[in-house]
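*Asks:* One structure, pasted below without further comment.
The values are calculated or read from the model by the stated rules, or taken from the named source; none is laboratory data. Predicted model, so just to flag it, every value in this text is computed and none were measured. Cβ: placed from backbone, ideal geometry, glycine included. Neighbour counts: every protein chain shown. Surface areas here come from the heavy atoms of the whole protein model, side chains and all, with no ligands, DNA or RNA. Shrake-Rupley method; radii C 1.70, N 1.55, O 1.52, S 1.80 Å.
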Amino acid sequence: MNKNYTLEKLPKIAAELIATAKNKTLLFYGQMGVGKTTLIKEICKELKVQDSISSPTFSLVNEYQTIDNAKVFHFDFYRITEEEEALDMGIEDYLYNNDWCLIEWPENIENLLPLDAVEIHLTILDDNKRNINLKQ
């Protein structure tokens, strides 16, 4: 998938990502302000998360519950300086339990990530448009 989109098309993009993802570990790449958290919020809505969704910038991970009692984990590794920090929090337990794992700033823990994780690269085209490039 390589598409340009606006905020109005985000629900459709999120649904398509969920339907086509070959793995439940989604890695979100892109500069600050590109819309990683906004896209993750929309994916969580599509997965029917009941909780309030926010970026776990300081806590590193937020756990959400869906209406079907499934779990969705949202990570933000922006502030990670050593991969050891992710290991200390038990990242491997999260990544290999078949729950959805939505990871912002995965480049900060790249040696710990599953090889079959889905890469989502976001870029800013202008104030209203973004490009999404999916690599599976």
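*Asks:* If each of GLU8 and GLN50 carries a label point 7 Å out from its Cα toward its Cβ, how far apart are those two points in nm?
*Replies:* Here the modelled spin labels are 3.4 nm apart.
*Asks:* Restricting to lysines 8 or more places apart or on different chains, can you count the pairs in the chain with Cα atoms under 12 Å from each other?
*Replies:* Numbers: LYS3/LYS12; LYS3/LYS129; LYS9/LYS129; LYS12/LYS45; LYS22/LYS135; LYS24/LYS71; LYS48/LYS71.
Taking the chain as the scope, the lysine pair count is 7.
*Asks:* Turning to a different aspect of this structure: Could you order SER52, SER59 so the one with the most accessible surface comes first? Probe is 1.4 Å. Spell out each step's value before the answer.
*Replies:* Working: SER52 105, SER59 70 Å².
Ranking SER52, SER59 by accessible area, largest first, yields SER52, SER59.
*Asks:* Another one. With a 1.4 Å probe and every protein chain kept in, tell me what percent of the accessible surface of the chain is carbon plus sulfur. Don't skip to the answer; put the middle values down first.
*Replies:* On the way: 3280 of 7380 Å².
Here carbon and sulfur together make up 44 percent of the probe-accessible area.
*Asks:* Could you identify which residue out of ASN23, ASN97, ASN62 has the top mean-square fluctuation in a GNM of the chain using Cα springs shorter than 10 Å?
*Replies:* It is ASN97.
*Asks:* Still on this structure: Of the residues ALA70, ALA14, ALA117, which exhibits the maximal mean-square fluctuation in a Gaussian network model of the chain defined by a 10 Å Cα contact cut-off?
*Replies:* Among ALA70, ALA14, ALA117, the largest GNM mean-square fluctuation belongs to ALA70.
*Asks:* I'd like the orientation of helix 36-46 relative to the chain: the angle between its Cα long axis and the longest Cα principal axis, in ° from 0 to 90, rounded to 10.
*Replies:* Once rounded, the angle reads 90 degrees.
*Asks:* OK, next. So for the range 2-136, what are the equivalent ellipsoid semi-axes in whole Å, largest first, each being the square root of 5 times an eigenvalue of the Cα gyration tensor?
*Replies:* Working: eigenvalues 96, 61, 39 Å².
That gives 22, 17, 14 Å for the three semi-axes.
*Asks:* Here is a further query. Taking the chain as a Gaussian network, where each spring joins two C-alpha atoms under 10 Å apart, which residue of THR37, THR25, THR57 fluctuates the most?
*Replies:* So, out of THR37, THR25, THR57, the one fluctuating most is THR57.
*Asks:* Mind checking the per residue accessible area of the range 1-108 for me, 1.4 Å probe, whole number of Å²?
*Replies:* With the other protein chains kept in place, the range 1-108 gives 53 Å² per residue.
*Asks:* Then there's this: Mind checking the full-extension length gain between GLN65 and GLU83? Use 0.36 nm per residue of separation minus the Cα-Cα distance, one decimal, nm.
*Replies:* Values: separation 18, 0.36 × 18 = 6.48 nm, distance 2.67 nm.
Extra length available between GLN65 and GLU83 comes to 3.8 nm.
*Asks:* Next question. Multiply the residue separation of MET1 and HIS121 by 0.36 nm, subtract the distance between their alpha-carbon atoms, and state the gained length in nm to one decimal.
*Replies:* Numbers: separation 120, 0.36 × 120 = 43.20 nm, distance 1.04 nm.
Length difference between fully extended and current span is 42.2 nm.
*Asks:* Please report the antiparallel percentage of the DSSP beta bridges confined to the chain, to the nearest 5. The partial results should precede the final answer.
*Replies:* Working: 16 of 29 bridges.
Antiparallel bridges make up about 55 percent of those DSSP assigns within the chain.
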